[in-house]
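Remarks on the structure that follows.
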Amino acid sequence: MNRTRRPLIAGNWKMNGLSAASTSLAAELAARATDAARSGSLRADVLLCPPATLLAEVGRLVAGSPIATGGQDCHAEASGAFTGDVSAEMLADIGCRYVIVGHSERRSLHKESDAIVLAKASAALRAGLAAIVCVGETAAERDAGQALAVVERQLRGSAPSTSAAVVVAYEPVWAIGTGRTASPADIGEVHAHLRQVLKDHLGPKGNDVRILYGGSVKAANAGAILSTADVDGALVGGASLKADDFWGIVTAV
Ligand code: PGA
């Protein structure tokens, strides 16, 4: 962890959450974050990325608390004939400050290329949102010794080179939802490489970009992961669906 970059703990609810349980989860987290901020113990930015159906309601519940909201994806265009899609401008309009782009589930299940992810990240910046650009290798790519090359290619291809309003999330595909986390040594190696690529891509501003780790982060392993050099926070899936589990990660910072 680097003191000049404020850590970010982001919860990615994915396609989970109906209104009743989700509103109580958001309200509970807002209360904890407000208390922690008052007592001076909140050491991270906290972000919730619920499904689009819940964004407005969760936004209302966390308004006035230190918690921000973000979308899980956006379209590259601001508006138009794109049935089923949501634009970055629409997310900004309901108070979002972030949007995740290029999550591996979007890259694999929706066949999103680096060029598509770059267009979405650029749309986020155009709308005044911070883009969380996800990169990560598959198990086969890691076994073939390609992990660093794959994440470098993804980062160069999908992160806009004009702005530091980008957050990078390193999420090895084989660690997402599997209970397997990368070792702190492997995480440190990839994050150090991504930091070099960011400095090359963005110039000195590359030092300001936060690099999150994601993939089976839990309260029990968060301390070790978050104390690794160049890890500036976490993108959390499964463990973001329960208040105690998610808050345990926030307090591990
Ligand atoms: P996980 O998901 O924490 O459930 O592994 C992380 C992610 O996909 O962002």
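Values in this text are rule-based calculations from the coordinates and carry no lab data. No experiment lies behind these values; they were computed from the predicted model shown. Every residue, glycine among them, receives a Cβ derived from its backbone with ideal geometry; neighbour counts consider all protein chains shown.
With contacts defined as alpha carbon pairs under 8 Å and 6 or more residues apart, what's the relative contact order of the stretch 62-144 in percent? Relative CO of the stretch 62-144 lands at 31 percent. Which of Ser161, Ala185, Ala140 sits closest to the plus end of the dipole of the stretch 118-186, meaning its Cα is farthest towards the positive end, when Lys and Arg get +1 and Asp and Glu get -1 on the C-beta? The residue sitting farthest along the positive end of the dipole is Ser161. Ordered by the count of other Cβ atoms within 10 Å of each Cβ, fewest first, Leu202, Leu25 give Leu202, Leu25. Dividing the mean sequence gap of close Cα pairs (under 8 Å, 6+ apart) by how many residues the chain holds gives a relative contact order of 21 percent.
Of Gln154, Gln72, Gln196, the residue with the greatest mean-square motion in the GNM of the chain, using alpha carbon springs below 10 Å, is Gln196. Ordered by the count of other Cβ atoms within 10 Å of each Cβ, fewest first, Ile9, Ile94 give Ile94, Ile9. So if I take the centroid of the Cα atoms in the stretch 1-42 and the same for the stretch 76-138, what is the distance between those two points in Å? First find each Cα centre; the distance between them is then 22 Å. Relative contact order of the stretch 1-144, taken over Cα pairs closer than 8 Å and 6 or more residues apart, is 20 percent. For the stretch 1-133, the alpha-carbon coordinates run over 46, 38, 25 Å along the three principal axes, in decreasing order. Charge tally around Gly206: other residues with Cβ under 14 Å, Lys/Arg +1 each, Asp/Glu -1 each, net +1. Classify the stretch 183-253 from the C-alpha gyration tensor, please: rounded if a/c falls under 1.5, else prolate or oblate depending on whether a/b exceeds b/c. Verdict is prolate for the stretch 183-253. Distance between the C-alpha centres of the stretch 201-253 and the stretch 151-191: 11 Å, rounded to the whole angstrom. Computed packing ranks the peptides 161-167, 212-218, 143-149 as 212-218, 161-167, 143-149, most packed first, by mean other Cβ atoms within 10 Å. Here Ser24, Ser240 are placed in order of increasing Cβ neighbour count within 10 Å, fewest first, which gives Ser24, Ser240.
Non-local lysine pairs in the chain, meaning eight or more places apart or on different chains, with alpha-carbon distances under 29 Å, amount to 11.
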